[in-house]
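Written below as structure tokens is the structure these notes are about.
The values are calculated or read from the model by the stated rules, or taken from the named source; none is laboratory data. Small disclaimer: the values here were computed from a predicted structure and weren't measured. For neighbour counting, all protein chains shown are included, and Cβ atoms are generated from backbone atoms with ideal geometry for every residue, glycine included.
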Amino acid sequence: MNTHAKYLELSAFEELFEDVQLSGIFPDSKTFNDCVPRFEKDQILNTYRDQKQLVQFDLKEFIESNFILNTQPATLYTSDTSKPIEQHIDGLWQVLTRQPDQVGGALIPLPYPYIVPGGRFQEIYYWDSYFTMLGLSVSGRFDLIEHMVDNFAFLIGTIGHIPNGNRAYYISRSQPPFFTLMVALLQEDSSNNLYLKYLSSIEKEYNFWMTGYDSLENEWQANRRVVKGPKGAFLNRFYDDLDTPRPEAYKEDIEIAHLALRKSSEIFRDLRAAAESGWDFSSRWLADGKHLEQIVTTQIIPIDLNCLLYHIEMVLEQTYQKLGDMEQQEKYANRAQKRKSAILQLCWNQEKQLFFDYNFIQQTQTQVESLASTYPLFFEIASQEQAKAVAMSLETKFLKNGGLVTTTLQTGQQWDSPNGWAPLQWIAYKGLRQYKHDTLASKVREAWLLNNRKVYEQTGKMTEKYNVVNTSLLGGGGEYPNQDGFGWTNGVFLKLIHEK
């Protein structure tokens, strides 16, 4: 989407944007993107072109004079570690809440209050929000859950999908589609059928993920986010509608592309697609499982994404059944059944006793063992035998002193070993519970909660990710430092301590 009249991507500032991003004057490439211009774009650009020729020109000083730098209220919060962790989190909800937005810079205004993750993330994020909502439900904040669901429905209605976050530079991609699960969570506090209330939003988001399916004639053809699989099944991949460097990681993306042997546009698209996955970055997306310049995200049919789309198809089938629309019910039932069969056929590895992503270009499974393999348990797609095998793999390969490690590979990327992440602890925990592997589920729960408590007592913070292998160290790796705040960690912690 081009720059919208309501909100302005700073990449529209042409050579000024590129000069700032390549200069390294801000340690974080996201910083400049979140600035708000003090004057009209043309005025700033003309002034820049005039002044940059001067001997005494200072780029950072120019930016500070012409743009309002985004403040980060959450980072100014000082915790009191003498308070119980639950009380700390309860107090953080207010710190992380943002009121309905005024128009400014790249921020896409939302009509209702919402929770941000914290740290460098001062906007709403799509899949983060579901796990944050788990904690809000424990805190009895269904009013805020409803506001956030309505914000997402607003984004679906106005943009056509839920962007990665409510910034203009995120519009070309989404994130793992958890909207129906948010509605399910809200339904726990309502006597009305909320699936009916949000049906048009659910279906519109589904259609975004399925755009182009009707142009696919042959097996393994792809169009945007859809891939035609075996026996007429439609499967999905992560994608991005643009093939340029991410504005919020401009310098980093260019540097990665320079290392690659493929076209830069292909690398940029795959980097963006990995950002849509939420797992940015992980060995899951790397052809050699090691190096970021080997990224091939758009070649991969991910287990987690397809389980989520299966769930949406099941929700649509059941909702249309209640409405008495047999034609629509049968359409979604058929798609869900074909997708489930394809997931089991393509992603289950009988020899390794685990689910794997599938590279549809090479027509072979990837070799990366990851917690994405727990999604078929969470959504009850796996057989009892498969669930038992996954549970055994989790216990022997993934479970560490501080929780479940994300993958079994250590690459320096943040979605690999030794890091553990709150959303995946929850997916794995609930998946194990679905198949009555309660003892192992309890081990996962206890290890993760203990790690969270330990870091809180040492630092006074709830962080974005955790080192689960060596709990004396903090989580690390990736493009930016470990962030505190932190929305989904807070949410999953509160939900887990209330689990029996």
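Brief remarks follow.
- Within the range 207-236, the set of residues being in contact with a Ser or Thr (Cβ under 6 Å, 6 or more places away or on another chain) and either under 22 Å from H291 (Cβ atoms) or not in a loop (DSSP other than H, G, I, E, B) (or both) comprises N223 only.
- Restricting attention to the range 222-238 and to residues that are surrounded by 23 or more Cβ atoms within 10 Å (Cβ to Cβ) and not β-branched (V, I, T), the residue that is nearest to the chain's Cα centre (by Cα) turns out to be F238.
- In the range 31-65, the residues that are among the charged types (D, E, K, R), assigned to a helix (DSSP H, G or I) and over 32 Å from the mean Cα position of the chain (by Cα): D42, R49, D50, E61
- One residue stands out in the range 86-121 among those that are crowded, with 17+ Cβ neighbours inside 10 Å and small (G, A, S): the one that is farthest from the chain's Cα centre (by Cα), namely G105.
- Matching residues in the range 423-466 - criterion: being hydroxyl-bearing (S, T, Y) and either farther than 16 Å from T396 by Cα or in contact with an Asp or Glu (Cβ under 7 Å, 6 or more places away or on another chain) (or both): Y435, Y456, T459, T463, Y466
For every residue, the table says whether it meets (1) buried (at least 19 other Cβ atoms within 10 Å of the Cβ); (2) within 18 Å of K340 (Cβ to Cβ).
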site	(1), (2)
W285	yes, no
H291	no, no
I295	yes, no
Q299	yes, no
C307	yes, yes
Y310	yes, yes
E313	yes, yes
L316	yes, yes
K322	no, no
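- Hits in the range 459-471 - residues which are more than 24 Å from the chain's Cα centre (by Cα) and modelled with pLDDT of 90 or more: N470, T471
- Filtering D28, D80 for residues that are assigned to a loop (DSSP other than H, G, I, E, B), modelled with pLDDT under 95, acidic (D, E) and more than 25 Å from K495 (Cα to Cα) leaves a single hit, D28.
- Filtered residues of the range 23-36 (kept if crowded, with 19+ Cβ neighbours inside 10 Å and either of a type outside the set (S, T, N, Q) or not assigned by TED's automatic domain parsing to the domain that holds A12 (or both)): K30, F32, D34, C35
- In the range 249-263, residue farthest from D28 (Cα to Cα) [restricted to those that are under 24 Å from the mean Cα position of the chain (by Cα) and not charged (D, E, K, R)]: A257
- Of the residues making up the range 86-120, just one is over 25 Å from G140 (Cβ atoms) and in contact with a Gly (Cβ under 8 Å, 6 or more places away or on another chain), namely G119.
- Close contacts from the range 134-163, counting a first residue that is touching a residue at least 40 places away in the same chain (Cβ under 8 Å) and farther than 17 Å from P109 by Cβ and a second that is outside any helix (DSSP H, G or I) and aliphatic (A, V, I, L, M), with Cβ to Cβ under 8 Å and a gap of 6+ residues or different chains, come to L136/I115; L144/I115.
- Each residue in the range 1-24 was checked for being closer than 20 Å to Y170 by Cβ, of a type in the set (S, T, Y) and modelled with pLDDT of 80 or more, and 2 of them qualify.
- Any hit, the range 122-137, residues being at positive phi, touching a Phe, Trp or Tyr at 6+ places or on another chain (Cβ under 8 Å) and not polar (S, T, N, Q): no
- Neighbours by Cβ (under 6 Å, 6+ apart or cross-chain): first from the range 186-206, in a loop (DSSP other than H, G, I, E, B); second acidic (D, E): none
- Whichever residue in the range 408-445 is closer than 11 Å to T374 by Cα and crowded, with 21+ Cβ neighbours inside 10 Å and, among such residues, is farthest from the chain's Cα centre (by Cα): L432
- Selected residue (criterion: farthest from the chain's Cα centre (by Cα)) from residues of the range 130-174 that are among the basic types (K, R) and either within 25 Å of K30 (Cβ to Cβ) or buried (at least 23 other Cβ atoms within 10 Å of the Cβ) (or both): R167
- In this structure, W448 qualifies as farther than 25 Å from E313 by Cα, crowded, with 24+ Cβ neighbours inside 10 Å, among the aromatic types (F, W, Y) and in contact (Cβ under 8 Å) with a residue 40 or more places away in the chain.
- When T463, T411, T374, T439 are checked against the criterion of being more than 25 Å from M133 (Cα to Cα), touching a residue at least 24 places away in the same chain (Cβ under 8 Å) and either aromatic (F, W, Y) or out of contact with any Pro (no Cβ under 7 Å at 6 or more places or on another chain) (or both), a single residue qualifies: T411.
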